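The values are calculated or read from the model by the stated rules, or taken from the named source; none is laboratory data. Keep in mind that this is a model prediction, so the values were computed, not measured. Ideal geometry is used to build each Cβ from the backbone, glycine not excepted, and the neighbour counts take in all protein chains shown. Protein only, heavy atoms only, side chains kept; ligands, DNA and RNA dropped before computing areas. Shrake-Rupley method; radii C 1.70, N 1.55, O 1.52, S 1.80 Å.
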Amino acid sequence: MPQTRRPSVTARRTLVAVAPPVLAAGVVLSVFLSLRDRLPGRMATHIGPGGHADGFSGQGSFLAVTLGALLGYAVLFGGLTLWIRTDPGVQRVTAATGGAVAALTGWLVVAVLRANAGADDAASVTLPGLQAVLAFAAAAVCAALGWAACGRAEEGDTASGPSAAAVRLPLRDSEAASWSRVSRSRALPVTGVLILAGALVVAITAGWASALPLLATGALLVLLTGARVTADRRGITVTPALTSWPRLNIPLERIAEAGHRPVDAFRDFGGWGYRARPGASGIVLRSGDALSARLTTGSEFVVTVDDAATAAALLNTLADRERRTPTGG
Amino acid sequence: MLFRVDHSSPVTLGDQIAAAVRGAIADGSVRSGERLPPAREVAGSLGINLHTVLRGYQRLREEGLIELRRGRGAVVTAGPSPARARLTVQARQLVADARAIGLSDDELLALVRTSLTDGT
């Protein structure tokens, strides 16, 4: 269905990530200014587990650190939201998280400011645990609102299918087809084994507890020796070869056209694993033949796998079918 | 590998699954020692019943083309798998051709037996 292009989803999502921290900074500043006369010179700025103050700093430095952190969130989450635009799912989570973090920080800072107001001695300042609960509730509400405000990525994008020149796999209407293959990696398991060896050295010299992070990282990398790539009526699905989770799915309606091309892991994506760079993202386990899908958002999704040509042809055929029967078939 | 099933075909879906794997082994796109996708995933992917896929895998096991191991799933057997798969494909073609010209099962078996004695 043709529709007018609305302001891009990325612009809206960046606003979702940037607006809450900027807004929170404004609220913090105005609360600070309105309470300024009643605040002690040396404020309680950290509240211990019992609700009693155990950290202190001057008014000015507290305000500077707080505003700096909030504006830093705006830059960080706004930038991430822009950067990760090739992956609308992750982008949506990032934008909503930015809003939630800002709400959490803003609420706690305002609570601390109000607790300090009127106190003669900063050491006597207390903050009930309820405020922490309320802060997390505010963060949850903000996350939910942000999530809703992000909207679905498909909005505003015209659903144009594969071009006539794209290779297709002849398939009768009564036929269902599914393509599946395991893509192996050498770089990741080798790195994993090296890290495990490092973990062993650390374990012997410094004890097992210090080696745990390395052990976990190494084991994870060794587990990711391969990925199963599936192309079917649900689009492209990538899962680790040995488990069915985590699962990365690009549905057919987001695929404009599929093809295959050689990928150089280092030159094109700067390394191995889940890679994202402006305009492209994907699972790069090795250099060589890769399934490449042009998404309706205009960016590219890549996954390295042998016989990608068959998968691409099947995806083009299924994308045609999907667009012929919008309800899916 | 590519699985395709035709809902309008007289061949049962389970047999079509088996035929897809057999063809892939025969043309070398699936090699011995390779793991087939789990039956559950194939079923979900094609939108057909899990037991249908399992019936297909079971048939391949009976033909000695794959091994079904608990926890490891379906693995293409080592050894002369591609040749064996090609032979199975030919045998199925033979049966289909015999049926097409109205030969009974006993007549076909007799024909094969004669070929065997002639061949030695």
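With charges set only on the Cβ (+1 for Lys and Arg, -1 for Asp and Glu), what does the dipole of chain A come to about its Cα centre, in debye to the nearest 20?
With only Lys, Arg, Asp and Glu charged at Cβ, the dipole is about 440 debye.
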Within segment A:202-329: Cβ-based charge dipole about Cα centre, in debye rounded to nearest 20 (Lys, Arg +1; Asp, Glu -1):
240
Hey, what number do you get for chain B at 222 nm if only DSSP H runs of n ≥ 4 count, each worth -39500 (n - 2.57), divided across all residues, to the nearest 500?
-19000 deg cm²/dmol
Suppose only helical runs count, i.e. DSSP H with n ≥ 4. What mean residue ellipticity at 222 nm does that imply for chain A under -39500 (n - 2.57) per run, divided by all residues and rounded to the nearest 500 deg cm²/dmol?
-17000 deg cm²/dmol
For segment A:9-150, with all protein chains present and a 1.4 Å probe, just round the carbon and sulfur fraction of the accessible area to a whole percent.
71
Expressed in Å to one decimal, the Kirkwood Rh of chain B from all distinct alpha-carbon pairs is 15.4
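Determine the shape class of segment A:221-297: with a ≥ b ≥ c the square roots of the Cα gyration tensor eigenvalues, call it rounded for a/c under 1.5, and otherwise prolate if a/b is greater than b/c, oblate otherwise. Walk me through the numbers on the way to the answer.
Values: a/c = 1.80, a/b = 1.07, b/c = 1.67.
Oblate is the answer for segment A:221-297, as a/c is 1.5 or above yet b/c matches or exceeds a/b.
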How big is the accessible area of A:TRP147 in square angstrom, nearest 10, if you roll a 1.4 angstrom probe over the protein chains?
110
Suppose all protein chains stay in the model; what accessible area per residue would a 1.4 Å probe give for the protein assembly as shown, in Å²?
51
Each residue of segment B:4-15 in turn: what ³J(HN,Hα) in whole Hz from Karplus with 6.51, -1.76, 1.60 and θ = phi - 60°, glycine and Pro shown as x?
9, 10, 10, 5, 8, 6, x, 6, 5, 4, x, 5
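If r is the Cβ-Cβ distance from B:ALA91 to A:VAL190 and R0 is 45 Å, what FRET efficiency results, to the nearest 0.05? Before the final figure, lay out each step's value.
Details: r = 44 Å, r/R0 = 0.98.
Efficiency at R0 = 45 Å is approximately 0.50.
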Per-residue mean of other chain beta-carbon atoms within 10 angstrom of the beta-carbon, peptide A:171-183?
6
To the nearest 100 Å², how much accessible surface do chains B and A hide from each other in total, with a 1.4 Å probe?
1700
With point charges of +1 on the Cβ of Lys and Arg and -1 on the Cβ of Asp and Glu, referenced to the Cα centre of the protein assembly as shown, which listed residue (A:VAL16, A:THR325, A:SER30) lies farthest in the positive direction of the dipole?
A:SER30
What fraction, in whole percent, of alpha-carbon pairs in chain A exceed 30 Å separation?
53
Not counting ligands, DNA or RNA, and with a 1.4 Å probe, what is B:HIS7's accessible surface area in Å² rounded to the nearest 10?
100
Need one number: nm distance between label points at A:VAL75 and A:ARG36, each 7 Å from Cα along Cα→Cβ, rounded to one decimal.
2.5
Per-residue mean of C-beta atoms belonging to partner chains within 10 Å, peptide B:33-44:
3
Alpha-carbon centroid distance for the pair segment B:64-118 / segment A:69-147, whole angstrom:
67
Among A:ALA138, A:ILE84, A:GLY98, whose Cα projects farthest towards the positive end of the dipole of chain A, with charges put on the beta-carbon of Lys, Arg (+1) and Asp, Glu (-1)?
A:ILE84
Which whole-angstrom value gives the distance between the alpha carbon centres of segment B:1-53 and segment A:13-49?
61
I need the calculated FRET efficiency for the pair A:SER124 and A:SER244, taking r as the beta carbon distance and R₀ as 60 Å, to the nearest 0.05.
0.60
For chain B, what is the charge dipole size about the Cα centre, in debye to the nearest 20, if Lys and Arg each add +1 at the Cβ and Asp and Glu each add -1 at the Cβ?
600
Work out, step by step, the length gained on full extension between A:ALA149 and A:LEU29: first 0.36 nm times the residue separation, then minus their alpha carbon distance; give nm to one decimal.
40.6 nm
Could you pull out the longest piece of chain B with no exposed loop trypsin sites (Lys or Arg not before Pro) in it, calling a site exposed if DSSP puts it outside H, G, I, E, B and it has at most 11 other Cβ atoms within 10 Å?
B:1-69
Restricting to DSSP loop positions (anything but H, G, I, E, B) with no more than 14 other Cβ atoms inside 10 Å of their own Cβ, which trypsin sites (Lys or Arg not before Pro) remain in segment A:237-288?
A:ARG247
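Tell me, what % of the accessible area of segment B:1-86 is carbon and sulfur with a 1.4 angstrom probe?
The nonpolar share, carbon plus sulfur, comes to 52 percent.
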Per principal axis, descending, Cα span of segment A:9-150 in whole Å
53, 26, 21
